[in-house]
Amino acid sequence: MRDDCEQILNDLIHRLPVLNPIRDQIAQAADMLMDTYSRGGKVLICGNGGSAADSEHIAGELLKGFMLRRPLTAQLQDDLVNRLAERGLKLGDDVLPRLQMGLPAVSLVSQTAIASAIANDLGADLVYAQQTLALGRPGDLLIGLSTSGNARNVVQAVLVAGGLGMKTLGMTGANGGLMAQTADLCLKMPADTTPLIQELHLPVYHVLCAMVEQNFFAEG
């Protein structure tokens with residue numbers, strides 16, 4: 001891991017020493033994300049209630065600049081301009097400077113129409129598993145959030161992802177639940193109540209996103 005990524009993690013532990021027992025696991029989770037993106041994969045994310053909101057939040061930090069601006073590479077700019085020019089089209093002069101490099105991430109909780117169709121036709125426990133089956137590929141990563149670790153629809157998605165050859169990362173409370181038994185790596189927050197677990201989930205996934213961004217987009 002790069003020194004600057006290590007420093008981001010060290011800063012988290014300094015601010016929230018309660019997370020020190022899972023420091024190594026957070027570093028492993030960052031490595032999983034970096035490896036996924038290095039190999040051209042994408043990240044799928046799911047959860048329920050507050051964890052659904054966290055799923056959206058994570059996707060948002062990955063899809064555009066978070067702590068860094070992430071300007072487009074010169075190669076990507078040229079490709080966009082040239083391919084449009086072949087069709088007699090062009091972007092506005094102010095568009096390219098405002099676009100940013102993104103890391104592919106899909107929040108499975110966002111897909112309202114298909115989620116309702118799956119719940120109605122197949123069962124609510126498959127609302128994320130079916131989407132994972134359709135979207136997931138070997139080399140992708142599924143992040144499942146569940147404070148108990150037992151959310152049935154999240155666990156089903158983790159199982160399907162594993163069967164597809166995807167890596168799986170769980171974020172839970174101290175118990176870990178079924179997620180601790182089924183995910184490749186489970187970040188078990190050292191807390192036992194839903195609000196406290198969710199309060200720790202946020203700084204952890206913020207740091208994961210910041211570390212990944214630093215790895216791919218920091219200058220130098």
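When segment 100-154 is examined, which residues are found to be within 24 Å of PRO195 (Cα to Cα) and under 16 Å from the mean Cα position of the chain (by Cα)?
SER107, LEU108, VAL109, SER110, TYR128, LEU142, ILE143, GLY144, LEU145, SER146, VAL154
Quick one: how many residues across segment 168-179 are more than 11 Å from GLY144 (Cα to Cα) and either touching a residue at least 24 places away in the same chain (Cβ under 8 Å) or surrounded by 20 or more Cβ atoms within 10 Å (Cβ to Cβ) (or both)?
Count: 5.
I need the full set of residues from segment 43-67 which are buried (at least 19 other Cβ atoms within 10 Å of the Cβ) and among the aliphatic types (A, V, I, L, M), in order please.
Matches in segment 43-67: VAL43, LEU44, ILE45, ILE58, ALA59, LEU62.
Taking only segment 184-220 into account, find how many residues are within 14 Å of the chain's Cα centre (by Cα) and acidic (Asp, Glu).
Within segment 184-220, residues that are within 14 Å of the chain's Cα centre (by Cα) and acidic (Asp, Glu) number 1.
None of the figures in this text is laboratory data; all of them are computed from the coordinates on show. If you're wondering where the values come from, they're calculated on a predicted model, not measured in any experiment. Note that each Cβ is placed from the backbone with ideal geometry, even for glycine, and that neighbours are counted across all protein chains shown.
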